[in-house]
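This report concerns only the one structure given below.
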Amino acid sequence: KENQLKPMDIAAIEVETFHRASLLDTVIPTSIEQAQYSIPFLLAVAAIEGVIGPAQMTSGKFADPEITALARRVTLKVSPDLEALFPQRALSRVSVTTKAGTNFQAFQEKTRGDWNQPFSDEEIKDKFRGFAGLSISKHKVEQIIEWIWNLEHVENTSNLLSISMGQE
């Protein structure tokens with residue numbers, strides 16, 4: 001996003017990481033589970049759509065020619081210095097090379113949502129809305145959020161179960 005690259009301008013994406021992450025190299029996933037754990041697919045989706053969420057975890061996206069073409073240009077390699085930090089830290093360095101030969105690099109010490117850089121309350125609620133909203137009504141999603149956020153004051157949790165199971 002910050003360099004305003006267009007996916008068609010990307011010649012290659014190289015990810016240096018620890019060994020276990022380097023195994024997450026499925027280029028064309030065939031299931032949601034594979035997609036969620038496919039670094040090439042997720043990087044391609046993020047570059048093309050600007051977001052990774054439930055809407056991107058569909059068979060249509062798995063077969064999307066633009067996504068698969070970019071995912072094929074992603075390579076993963078083990079970096080000894082990052083391997084030495086695992087499992088205490090799960091880090092990666094990403095290098096994007098454009099077709100014009102320009103190289104952009106990124107490395108983050110902390111990942112949003114990890115224990116050392118947690119999501120805000122509003123980000124957690126928004127993430128829940130995005131996922132739960134696919135299968136239950138907006139009204140029920142908001143009810144569940146309200147219940148969960150005030151759980152310490154709830155004496156009877158059976159209503160929460162009823163709401164989440166589609167009963168009211």
### Summary
Shape call for region 1-62, from the Cα gyration tensor axes a ≥ b ≥ c (a/c under 1.5 means rounded, otherwise prolate when a/b beats b/c, else oblate), comes out oblate
## Note on the structure
residue 58 neighbourhood, Cβ < 14 Å, K/R = +1, D/E = -1, net charge -2
### Query
For region 1-122, with the dipole built from +1 on Lys and Arg beta-carbon atoms and -1 on Asp and Glu ones, taken about the Cα centre, which of 36, 52, 79 lies farthest toward the positive end?
79
### Query
Taking a threshold of 31 Å on the Cα-Cα distance, which of the pairs 110/140; 6/140; 99/127; 6/110; 6/138; 99/125 fall above it?
110/140; 6/140; 99/127; 6/138; 99/125
### Summary
Here the net charge surrounding residue 149, from other residues whose Cβ is less than 12 Å away from its Cβ (Lys, Arg +1; Asp, Glu -1), is -4
### Message
On a 1.4 Å probe surface of the protein chains, which of 59, 95 comes out largest in accessible area, and what is the full order?
### Response
59, 95
### Task
Report, in degrees rounded to the nearest 10, the 0 to 90 angle that the Cα long axis of helix 39-49 makes with the longest principal axis of the chain.
80
### Query
How much net charge surrounds residue 40 when only the other residues with a Cβ under 12 Å from the Cβ of residue 40 are counted, with Lys and Arg +1 and Asp and Glu -1?
0
### Task
Evaluate the relative contact order of the chain (contact order divided by residue number), counting alpha-carbon pairs under 8 angstrom at least 6 apart; express in whole percent.
24
### Query
Given the rule -39500 (n - 2.57) for each run of at least 4 DSSP H residues, summed and divided by the residues of the chain, what is its mean residue ellipticity at 222 nm, to the nearest 500 deg cm²/dmol?
-10500 deg cm²/dmol
### Message
Tell me whether region 8-103 comes out rounded, prolate or oblate; compute the Cα gyration tensor, take square roots of the eigenvalues as a ≥ b ≥ c, and use a/c under 1.5 as the rounded threshold.
### Response
oblate
### Task
Under 1.5 on a/c is rounded, so check that first for the chain, then, if it is not, pick prolate when a/b is larger than b/c and oblate when it is not; a ≥ b ≥ c are the square roots of the alpha carbon gyration tensor eigenvalues.
prolate
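Nearest 20 debye, what's the magnitude of the dipole of region 36-168 about its Cα centre given +1 on Lys and Arg Cβ and -1 on Asp and Glu Cβ?
So the magnitude is around 740 debye.
The values are calculated or read from the model by the stated rules, or taken from the named source; none is laboratory data. Keep in mind that this is a model prediction, so the values were computed, not measured. Ideal geometry is used to build each Cβ from the backbone, glycine not excepted, and the neighbour counts take in all protein chains shown. Side chains included, ligands, DNA and RNA excluded: accessible areas come from the protein's heavy atoms. Shrake-Rupley method; radii C 1.70, N 1.55, O 1.52, S 1.80 Å.
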